[in-house]
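Peer 1: The structure's right below; bear with me while I get my questions together.
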Amino acid sequence: MIELAKTSSTSAIIDLYRVKSKILISNLSSFLRELAAHRSAFLGAIVIMIFVLAAIFAPQITPIDPTKMRLQLSLLPPFWAQDEGDLARLEKQAKREVLKELIELIEIDKDYLSRLRGLSMQEMLVELGRLSEQGRLDRKDLLMLENLGKKVMVHPLGCDRMGMDLLSRVIYGTRISLLVGILVVGISAFIGVVLGSFAGYYRGWFDNLISRFCDLLLAFPYLIFAILIMVIMGGGFMNMIFALTFKAWVEFFRLVRGEFLSEKTKEYIDAARVAGQSSFKIIVFEILPNIIHSVIVLGTLRMGYMIIMEASLSYLGLGIAPPTPAWGSMVYLGKQDIITGIWWTVTFPGLAILILVLSINLLGEGLHDILDPRLRVD
Amino acid sequence: MTIPIMLGVAILVFTAMRFIPGDPVDVMYGESGFITEDQLERMRKELNLDKPFHVQLYLFLSGLVRGDLGISYTRHRPVWDLIKERLPATVELAFGAFIFGIIIAIPIGIVSAVKQYSTIDRTSMAAAFVGISIPGFILGLMLILIFSVTLKLLPTAGRIDPILGLRLKDITGLHILDSIITRNPRALLDSIKHLILPSIALGAVLAAIVARVLRSSMIEVLRADYITLARAKGLRGFIVVTKHALRNALIPTVTVVGIQIGVLLGGNMIIECVFAWPGMGRLAVDAIKESDYSVIQGVVMIYALTFVMANLLVDIIYTFLNPKIEL
């Protein structure tokens with residue numbers, strides 16, 4: 001009899017979950033439909049997707065190594081502004097690298113090498129083809145050398161002072177920015193939700209303690225506080241995540257705590273308690289699902305801010321140190337040259353930050369419109 | 001509430017700075033190599049580094065009350081003197097940014113609310129959205145590229161032309177005020193020219209946020225019954241908007257400005273770096289490069305205390321605007 005009761009209650013619970021997951025799926029699909037209908041949020045989401053794809057497939061889509069310095073190509077302008085001299089520089093550099101590889105591959109006597117040096121890129125490739133026909137150079141190696149030459153010749157957005165390719169660096173820089181945004185917001189949201197829900201639900205000394213600590217942290221301007229932590233701990237990626245998270249969770253804590261305070265007084269909580277649910281279950285299964293949307297909205301909006309903070313710290317020389325490609329440090333490297341009219345080293349990473357943060361904010365505001373029912377009244 | 005928080009800030013900063021590995025005395029004199037271990041020991045005693053932590057903390061706090069922030073490790077001068085020299089520049093920039101932010105934001109916020117969904121509204125709100133998404137240093141560098149490098153209209157760095165600066169008598173430290181007092185129109189013009197770009201770069205975020213908040217609270221207020229009544233009484237639209245609606249719409253705006261003061265203070269550090277502005281933020285960044293921890297500690301303290309005081313000020317303004325709230 002007890003067995004039977006157990007199984008029937010289990011199947012009832014399973015049924016309940018089936019219904020719940022069906023609701024979830026229909027909610028999700030209606031949410032996606034609303035997102036698609038919200039023009040600016042949809043645009044933001046698309047641009048973010050492009051950035052995410054760029055970050056994931058950076059090694060596949062970048063033409064060349066973002067940290068390789070080619071001092072000959074220092075401050076090369078973007079392709080539409082390249083003049084005769086720049087093209088000559090590019091060709092010289094490409095020839096140099098191809099020849100360097102060639103010497104590694106096969107034995108060449110000095111006279112032949114100096115003759116090769118005197119040739120143009122086009123002529124040199126013809127000469128290499130002849131070498132391959134003679135059987136001295138592998139077909140595969142020939143292709144590799146041709147590719148290398150082509151790759152070095154192309155720098156669509158130009159180079160920075162150290163001769164590093166700007167396009168590759170902007171693409172790779174996406175990784176740092178997105179990772180900082182996701183990690184800082186993810187960790188802070190988690191800490192904030194856990195502490196906030198317990199503090200808001202149980203109140204008491206625990207709530208008091210954490211709230212006072214938050215007041216203390218809030219007394220510091222955000223960037224100043226992050227700088228303080230970075231000075232103490234030193235630069236680097238993980239330290240920066242730590243420095244930014246150290247204060248970022250406070251906002252999530254205050255949001256969740258506040259929501260819990262107001263939710264706790266509502267009738268469905270009384271109903272759940274009468275039905276015999278434990279406090280833990282009430283927190284996790286009753287209240288959290290009702291407030292999580294505001295955490296998502298806050299998280300999205302904060303992500304843009306965190307990316308700005310990362311760039312600012314790197315710009316001050318406290319975050320990611322060059323030559324690792326990060327947008328903030330790229331701007332820092334390019335800053336000294338803008339007085340002489342070298343605009344591209346600063347503008348491209350700057351634009352990247354602006355476009356990414358702008359799209360994240362567009363999505364965040366859109367989510368706010370879609371997910372926050374209180375705004376829908378009018 | 002303000003005083004315990006200030007105390008907490010001081011203790012937190014002091015404690016955090018103790019976590020830095022290495023000995024301050026080594027930073028001060030270690031590189032010169034002319035100093036014996038004996039002298040180093042004496043220096044440590046002089047700086048109270050030989051005493052236990054709680055005694056050091058007590059000395060730090062009691063010094064703080066007297067305005068004593070310790071001695072700079074690398075410049076060998078009192079930190080407070082260093083900060084005092086730089087403070088007028090920072091105040092001038094902050095003031096410039098604030099004025100720019102408010103002057104731009106309030107009319108935009110009002111017009112956008114009154115003419116909702118008009119072209120002006122859409123354009124200015126799009127601009128405001130860009131304003132909240134662009135980091136200050138990028139905006140600053142773009143302004144330099146456009147107005148200084150390309151158009152050659154405005155200077156790129158500093159507060160004043162060095163030659164004019166030397167001739168300008170130092171009364172308040174604020175160049176604009178000094179040149180007005182001494183009736184020096186050339187210095188006045190030059191220092192205003194220097195101030196324009198940094199103020200825009202620093203004030204843009206503030207302007208964007210204030211315009212957005214003011215617009216939305218204004219829209220809400222304009223729908224209220226008492227506005228309809230005021231209009232029904234036959235008051236002119238302009239008076240209704242500025243006298244009746246604006247006051248109430250300002251309440252949420254002031255709150256937001258209060259929150260933004262922190263952003264302004266942090267941004268100040270960055271903008272001072274971009275424009276080589278000889279203020280407190282630049283002092284801090286230089287100190288970071290030189291590992292001058294006592295200066296960093298001092299500047300962070302000043303920033304945090306300013307922030308706390310500013311929030312207190314916002315609370316006070318708030319009660320003026322909204323008599324329902326008491327302090």
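Peer 1: What are the residue pairs meeting all of these: first residue in the stretch B:80-105, first residue in contact (Cβ under 8 Å) with a residue 60 or more places away in the chain and under 14 Å from B:I261 (Cα atoms), second residue among the basic types (K, R) and part of a helix (DSSP H, G or I), Cβ atoms under 9 Å, and 6 or more apart or on different chains?
Peer 2: What qualifies is B:T90/B:R282.
Peer 1: Among the residues of the stretch A:87-103, are any surrounded by 13 or more Cβ atoms within 10 Å (Cβ to Cβ), modelled with pLDDT of 85 or more and within 30 Å of A:G181 (Cβ to Cβ)?
Peer 2: Checked against the condition, which is being surrounded by 13 or more Cβ atoms within 10 Å (Cβ to Cβ), modelled with pLDDT of 85 or more and within 30 Å of A:G181 (Cβ to Cβ), the stretch A:87-103 yields no hits at all.
Peer 1: Next question. What residue, of A:N239, A:N208, is among the polar types (S, T, N, Q), within 30 Å of B:T15 (Cα to Cα) and under 19 Å from the mean Cα position of the chain (by Cα)?
Peer 2: Exactly one residue qualifies, and that residue is A:N239.
Peer 1: Say we look at the stretch B:202-227 and pick out the residues that are under 30 Å from the mean Cα position of the chain (by Cα) and among the basic types (K, R); which of these is farthest from B:S133 (Cα to Cα)?
Peer 2: B:R215
Peer 1: So, one more: Suppose we filter B:L202, B:L177, B:L189 for residues that are buried (at least 23 other Cβ atoms within 10 Å of the Cβ), part of a helix (DSSP H, G or I) and assigned by TED's automatic domain parsing to the domain that holds B:I134; which single one remains?
Peer 2: Going through B:L202, B:L177, B:L189 in turn, the sole match is B:L202.
Condition check ((1) more than 10 Å from chain A (Cβ to nearest Cβ); (2) farther than 21 Å from A:S314 by Cα; (3) among the aliphatic types (A, V, I, L, M)) across all residues:
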residue: B:G258; (1), (2), (3): yes, yes, no
residue: B:V263; (1), (2), (3): no, no, yes
residue: B:G267; (1), (2), (3): no, no, no
residue: B:I271; (1), (2), (3): yes, no, yes
residue: B:V274; (1), (2), (3): no, no, yes
residue: B:G279; (1), (2), (3): yes, no, no
residue: B:G298; (1), (2), (3): yes, yes, no
residue: B:V308; (1), (2), (3): no, yes, yes
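Peer 1: Check off (1) over 15 Å from A:A243 (Cα atoms); (2) buried (at least 24 other Cβ atoms within 10 Å of the Cβ); (3) at the interface with chain B (Cβ under 9 Å from one of its Cβ atoms) for A:I307 and give me the number that stays unchecked.
Peer 2: (1)
Peer 1: Just one of the numbered conditions (1) more than 21 Å from A:L178 (Cα to Cα); (2) in a helix (DSSP H, G or I); (3) of a type in the set (G, A, S); (4) more than 14 Å from chain B (Cβ to nearest Cβ) is not true of A:S211; which one?
Peer 2: Going through (1) more than 21 Å from A:L178 (Cα to Cα); (2) in a helix (DSSP H, G or I); (3) of a type in the set (G, A, S); (4) more than 14 Å from chain B (Cβ to nearest Cβ) one by one, A:S211 breaks only (4).
Peer 1: Which one of these is over 30 Å from B:I11 (Cβ atoms), of a type in the set (D, E), away from every other protein chain (no Cβ under 14 Å) and in a loop (DSSP other than H, G, I, E, B): B:D121, B:D68, B:D170?
Peer 2: B:D170 is the lone residue from the list that is over 30 Å from B:I11 (Cβ atoms), of a type in the set (D, E), away from every other protein chain (no Cβ under 14 Å) and in a loop (DSSP other than H, G, I, E, B).
Peer 1: Would you mind finding the one in A:A352, A:A321, A:A326 that is surrounded by 20 or more Cβ atoms within 10 Å (Cβ to Cβ) and either at pLDDT below 90 or within 29 Å of B:S291 (Cβ to Cβ) (or both)?
Peer 2: One residue alone meets the criteria, A:A326.
Peer 1: Something else about it: Just checking, does the stretch B:94-112 include any residue being closer than 30 Å to A:L356 by Cβ and of a type in the set (S, T, N, Q)?
Peer 2: Looking through the stretch B:94-112, at least one residue is closer than 30 Å to A:L356 by Cβ and of a type in the set (S, T, N, Q).
Peer 1: I'd like to know if the stretch A:137-150 contains one or more residues that are part of a loop (DSSP other than H, G, I, E, B) and in the same structural domain as A:L90 (by TED's automatic domain parsing).
Peer 2: Among the residues of the stretch A:137-150, at least one is part of a loop (DSSP other than H, G, I, E, B) and in the same structural domain as A:L90 (by TED's automatic domain parsing), which makes the answer yes.
Peer 1: Which residue out of A:V274, A:V194 is without any contact (Cβ under 8 Å) to a residue 12 or more places away in the chain, away from every other protein chain (no Cβ under 14 Å) and under 26 Å from A:M306 (Cα atoms)?
Peer 2: Answer to the check: A:V194.
The values are calculated or read from the model by the stated rules, or taken from the named source; none is laboratory data. As the structure is a computational prediction, the values presented were derived from the model and not from experiment. Cβ: placed from backbone, ideal geometry, glycine included. Neighbour counts: every protein chain shown.
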